[in-house]
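K.L.:
Got a structure here, written out as structure tokens. Questions coming.
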Amino acid sequence: MEIKETFTQEQFKTLVQDLIEQTLKATKSALSDAQLNNEQIDGIIMVGGSTRMPCIQEAVKNLFKTDLLNDLNPDEVVALGAATQANILAGNGDEDLLLLDVTPLSLGIETMGSIVERIIPRNTTLPIAMAQEFTTYKDGQTAMAVHILQGERELADDCRSLARFELRGIPPMVAGAAKIRVTYQVDADGLLSVTAKEMVSGVESRIEVKPSYGLKENEITDMLQASFSHAREDMQARALREQQVEAERMIVDLHAALEKDGRALLEPAEYQCLEVAIKQLQDVLANSREHRVIARQIESVGKASEEFAARRMNASIKSALAGQSLDDVETNL
């Protein structure tokens, strides 16, 4: 069955408006990634057959507030660019042009609370090596799981899982004392090497992975669009997870401190007051989905435990100095 229908330009513009908006969003994102603004752009070259559409030209012209360069055939520009690059790669001519490979998506690691910590941002020029330091979450922790992720979302479940491995043999220390340096290195061929090294003992573990393996161009586009569409809710989700992790850490630390020194350093009423504060934080943690509410309760518990923390610090100093003379202390300093 053959269907014939006539559309006016305005009707057609209405039908493709969502596609135009996606195009402008991608353009703005490219400017942001390049750390440029509209005023720094010398000219706009329209490439591809769809740029002949008046509605596309109008939208781009309005975005940049400047006339467009339409004196090139949009269907031939891509082929011309490919031919120029092929000529450079073949070693012919002395074209003053350089095409650099970049990471199409960010590469990161999963931290407590399933939060993604980016180590190599997207659009970073290859080859590249970048590193960050992390630490342990629990007292006496001797191993750390490293989960390698790819994507622009804030939570691990919303990103692409590339690989997992473990760093074992971490010396048992109090939580937060260990220094574990995680290095991401991507070579010119796009091969990612991840190394985790505990800086005191020198123990390390590593893995290699190809981030682009099995990843199609349309999947990259979908992941980027999803990050734009969910940006606001992702940031709220990250803020919530961060406060939840902080609250959980505070609860564990205070319980351990009370068990160890609470009876010796606190009056019964003070001890009970701290227990109530911890219980209130546990209730807020269990029932609230608002990160600001949890943050306020964390602050409240922090203030309630300030005196206890000061007494523990004084007791620790007295214990360390017990049996030493002033001369001994000066010598140690």
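K.L.:
Scan Leu281, Leu254, Leu274 and give me the residue that is more than 26 Å from Asn314 (Cα to Cα) and outside any loop (DSSP other than H, G, I, E, B).
P.N.:
Of the residues listed, the single one that is more than 26 Å from Asn314 (Cα to Cα) and outside any loop (DSSP other than H, G, I, E, B) is Leu281.
K.L.:
Here's a check for you: in the stretch 236-289, which residue that is acidic (Asp, Glu) and more than 16 Å from Lys303 (Cα to Cα) is farthest from the chain's Cα centre (by Cα)?
P.N.:
This residue is Glu267.
K.L.:
Could you please give the count of residues in the stretch 42-79 that are surrounded by 13 or more Cβ atoms within 10 Å (Cβ to Cβ) and either in contact with a Phe, Trp or Tyr (Cβ under 9 Å, 6 or more places away or on another chain) or in a loop (DSSP other than H, G, I, E, B) (or both)?
P.N.:
So the answer is 8.
K.L.:
Is it the case that Ala239 is over 17 Å from Glu306 (Cβ atoms), modelled with pLDDT of 95 or more and not assigned by TED's automatic domain parsing to the domain that holds Thr27?
P.N.:
Criteria met by Ala239.
K.L.:
Here's another thing I want to ask about it. Quick check on the stretch 147-174: of everything there that is touching a residue at least 60 places away in the same chain (Cβ under 8 Å) and of a type in the set (A, V, I, L, M), which residue is surrounded by the fewest Cβ atoms within 10 Å (Cβ to Cβ)?
P.N.:
Leu155
K.L.:
So, in the stretch 106-158, of the ones that are small (Gly, Ala, Ser) and within 27 Å of Asp187 (Cβ to Cβ), which residue ends up nearest to the chain's Cα centre (by Cα)?
P.N.:
By that ranking, first place goes to Gly108.
K.L.:
Hey, another quick one. All but one of (1) at pLDDT 85 or above; (2) part of a helix (DSSP H, G or I); (3) closer than 25 Å to Pro104 by Cα hold for Ser29; which doesn't?
P.N.:
Ser29 satisfies all of (1) at pLDDT 85 or above; (2) part of a helix (DSSP H, G or I); (3) closer than 25 Å to Pro104 by Cα except (1).
Condition check ((1) surrounded by fewer than 17 Cβ atoms within 10 Å (Cβ to Cβ); (2) of a type in the set (S, T, N, Q); (3) modelled with pLDDT of 90 or more) across all residues:
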site: Ala188; (1), (2), (3): yes, no, no
site: Val194; (1), (2), (3): no, no, yes
site: Glu208; (1), (2), (3): yes, no, yes
site: Lys216; (1), (2), (3): yes, no, no
site: Leu224; (1), (2), (3): no, no, no
site: Asp253; (1), (2), (3): yes, no, yes
site: Ala256; (1), (2), (3): yes, no, yes
site: Leu265; (1), (2), (3): no, no, yes
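K.L.:
Still on this structure, I have one more. Here are the criteria: (1) of a type in the set (D, E, K, R); (2) within 35 Å of the chain's Cα centre (by Cα); (3) within 30 Å of Thr51 (Cα to Cα). Tell me which single one Asp75 does not satisfy.
P.N.:
(2)
K.L.:
Sticking with this one: Run Thr103 past the list (1) crowded, with 18+ Cβ neighbours inside 10 Å; (2) closer than 30 Å to Ala247 by Cβ and report the number of the one that doesn't hold.
P.N.:
The single condition Thr103 does not satisfy is (2).
K.L.:
Please tell me if Val329 is modelled with pLDDT of 95 or more and not hydroxyl-bearing (Ser, Thr, Tyr).
P.N.:
no
The values are calculated or read from the model by the stated rules, or taken from the named source; none is laboratory data. Nothing here was measured: the structure is a model prediction, and the numbers come from that model. Glycine also receives a Cβ, built like all others from the backbone with ideal geometry; neighbour counts cover every protein chain displayed.
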